[in-house]
1. Between residue 10 and residue 35, what's the calculated FRET efficiency when r is the beta-carbon distance and R0 is 45 Å? Round to 0.05.
2. What nm value, rounded to one decimal, do you get for the distance between residue 80 and residue 109 when each label is placed 7 Å out toward the C-beta?
3. If you fit an axis through the alpha-carbon atoms of helix 42-55 and take the longest principal axis of the Cα set of the chain, what angle between them do you get, 0 to 90°, nearest 10?
4. Just need the relative contact order of segment 62-117 here, percent rounded to a whole number, with Cα pairs under 8 Å and 6+ apart.
5. Quick one: compute the contact order of segment 7-217, relative version, from alpha carbon pairs under 8 angstrom and 6+ residues apart, as a percent.
6. With r defined as the distance between the Cβ atoms of residue 90 and residue 45 and R0 fixed at 25 Å, what FRET efficiency is calculated, to the nearest 0.05?
7. With runs of 4+ DSSP H residues as the only contributors, calculate the mean residue ellipticity of the chain at 222 nm using -39,500 (n - 2.57) per run, divided by the residue total and rounded to the nearest 500.
8. As an exercise, use a Förster radius of 22 Å and the Cβ-Cβ distance of residue 186 and residue 121 to find the FRET efficiency, rounded to the nearest 0.05.
């Protein structure tokens with residue numbers, strides 16, 4: 001009789017990481033274009049080091065990262081520390097800002113209030129599914145979720161790290177509970193870690209914890 005795999009071996013663990021504080025975060029500027037990415041701030045570089053210390057004892061099988069500079073600089077200390085290879089995936093990039101590229105939140109709210117209300121407001125009838133930048137939120141959500149599923153299925157039974165951006169991380173976590181209608185209901189901080197377990201070939205998921213930044217105090 002063929003021995004079945006244990007449930008433990010079938011479980012895939014994902015550490016979902018948002019990049020550390022970037023230089024553009026300091027100015028509250030939105031950007032998705034690689035040529036505008038200035039990388040991490042001084043504080044962000046310290047956050048990246050603490051993140052590496054947080055994850056260095058985990059038995060990581062693979063690291064997947066957005067290829068944008070701020071994401072790469074976030075995970076490089078961990079990769080260098082333990083000799084991991086980083087697998088870059090453009091599908092993990094921030095949603096395409098289109099004509100809103102390099103705008104501050106204040107500028108976006110003053111010039112494009114309907115978009116801002118749907119995107120940022122938590123208490124009115126704003127609908128995130130109506131947000132269209134260079135890429136609509138539904139399209140961006142699908143791109144990020146498809147990438148997440150693909151990566152999980154490629155690493156069944158393994159422990160992996162996925163490094164991305166605020167909106168993609170929120171798309172992925174929100175999808176676990178029902179999609180974009182939950183987009184505004186939680187926060188994903190810089191250099192935070194959210195842990196998701198997956199099993200049954202990526203058909204079942206459990207959020208173990210969200211937006212953990214306890215390593216900042218290490």
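1. Values: r = 42 Å, r/R0 = 0.93.
Computed FRET efficiency for residue 10 and residue 35: 0.60.
2. Result for the modelled spin labels: 3.7 nm.
3. 20
4. Details: 41 pairs, mean separation 18.8, N = 56.
33 percent.
5. Values: 418 pairs, mean separation 68.7, N = 211.
33 percent.
6. Working: r = 24 Å, r/R0 = 0.95.
Calculated value: 0.55.
7. Values: 8 runs with 81 residues, N = 218.
Mean residue ellipticity, 222 nm, calculated: -11000 deg cm²/dmol.
8. On the way: r = 15 Å, r/R0 = 0.67.
With a Förster radius of 22 Å, E is 0.90.
Every read-out reported here was derived from the displayed coordinates using simple, explicitly stated rules and does not represent laboratory data. Note that the structure is predicted; figures quoted are calculated from it, not measured. So basically every Cβ, Gly included, is an ideal-geometry build from the backbone, and we count neighbours across all protein chains shown.
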